[in-house]
Amino acid sequence: MSQHIIVTDYDPSWRKKFEEESLLIRDILADNCIAVYHIGSTSVPGLAAKPVIDILAVVRSLEKTDGAAEKFAETGYEYCGEFGIAGRRYLRKGGDERTHQIHIFQADDWGNIGRHLAFRDYMRTHEKERNQYAKMKKALAQKFPWDIDGYCDGKENFVREMEALALSEYDGSWDRLYISAGKVQCERTITPTIEAGSVSADGNVVMPCGSCRELMMQMDENAGEIEVLCDYQAKKTARLKTLLPDWWR
């Protein structure tokens with residue numbers, strides 16, 4: 001049976017479905033997992049989409065990822081290998097009525113990681129293009145209700161054009177830093193009970209503790225201008241000097 005192409009208005013529950021699935025993915029990939037992102041149309045508030053949750057996972061090793069194929073299969077995922085994109089591991093769940101797709105890349109493959117995040121962020125911040133994309137997808141779904149190739153081909157040029165514009169505007173500094181932090185997570189054991197790393201096991205950013213802030217402030221007279229990431233999803237930051245008001249020096 002062919003996949004039925006249905007495009008619906010944005011559903012806020014898509015975010016929760018991603019969050020639930022991301023926990024499953026982190027559990028399967030374990031310490032090989034560096035980051036898990038919600039990507040694709042369901043990650044863009046206000047954008048109509050096929051109700052398929054697209055997920056990007058960043059890992060330390062693709063070889064180790066292949067070793068987890070059986071565990072993914074136990075949760076309903078079909079493990080499809082590269083599936084047309086070199087350096088990717090593609091998984092899908094739901095059969096013909098697909099519900100989830102996972103795209104896994106190794107941490108050093110910034111070209112593929114960056115383009116997915118850039119396109120997502122561009123759609124989130126450009127209303128005119130977002131509405132144009134939604135209108136196009138709804139029209140294509142009506143024209144090709146049982147033809148996924150026709151549907152994808154119909155939006156290919158638009159997606160490539162938007163991807164190029166997105167990359168021209170995209171500043172991936174925080175995303176690169178986040179992935180870099182994840183690569184050293186829990187890799188520096190200080191004592192049997194203390195491990196150094198700025199990303200917690202659930203993937204959330206951990207704010208530097210009071211002692212760490214104090215140390216950073218003492219390293220340089222201009223250290224107060226250091227930007228500290230408070231909320232990765234919202235890209236919210238704070239200057240170190242605001243986290244240590246009335247510092248004793």
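What to note about this one:
- Of the residues Cys230, Tyr10, Thr242, the one whose Cα sits farthest toward the positive end of the charge dipole of the chain, with +1 on the Cβ of Lys and Arg and -1 on the Cβ of Asp and Glu, is Tyr10.
- Electrostatic dipole magnitude of the chain [Cβ: Lys, Arg +1; Asp, Glu -1; Cα centre; debye, to 20]: 500 debye
- The length gained by stretching the chain between Asn157 and Val184 to full extension, at 0.36 nm per residue less their Cα-Cα distance, is 5.9 nm.
- Note on Lys241: aspartates and glutamates with a C-alpha under 16 Å away, same-chain residues under 8 apart excluded, are Glu214, Asp220, Glu221, Glu225, Glu227.
- Förster-model FRET efficiency, 22 Å R0, Leu215 and Ala238, C-beta, rounded to 0.05: 0.80
- The chain: relative contact order in percent, alpha carbon pairs under 8 Å with at least 6 residues between: 16 percent
- Lysines with Cα under 20 Å of Lys128, excluding same-chain neighbours fewer than 8 positions away: Lys50, Lys137, Lys138, Lys155
- ³J(HN,Hα), Karplus 6.51/-1.76/1.60, whole Hz, each residue of the stretch 76-93, x for Gly, Pro: x, 8, 9, 8, 10, x, 5, 6, x, 10, 4, x, 10, 10, 10, 10, 9, 9
- In the chain, the longest principal axis of the Cα atoms and the axis of helix 110-125 are about 80 degrees apart.
- The length gained on full extension between Asp171 and Asp246, counted as 0.36 nm times the residue separation minus their Cα-Cα distance, comes to 23.7 nm.
- Longest DSSP-loop-exposure-free segment, GluC sites (Glu not before Pro), the chain, at most 16 other Cβ within 10 Å: 98-186
- Bins of 5 Å from zero: percent of alpha-carbon pairs in the chain: 1, 6, 11, 15, 17, 16, 12, 8, 6, 4, 2, 1, 0, 0, 0
Values in this text are rule-based calculations from the coordinates and carry no lab data. Source: prediction; values computed, not measured. We place every Cβ from the backbone using ideal geometry, glycine too, and count neighbours over all the protein chains shown.
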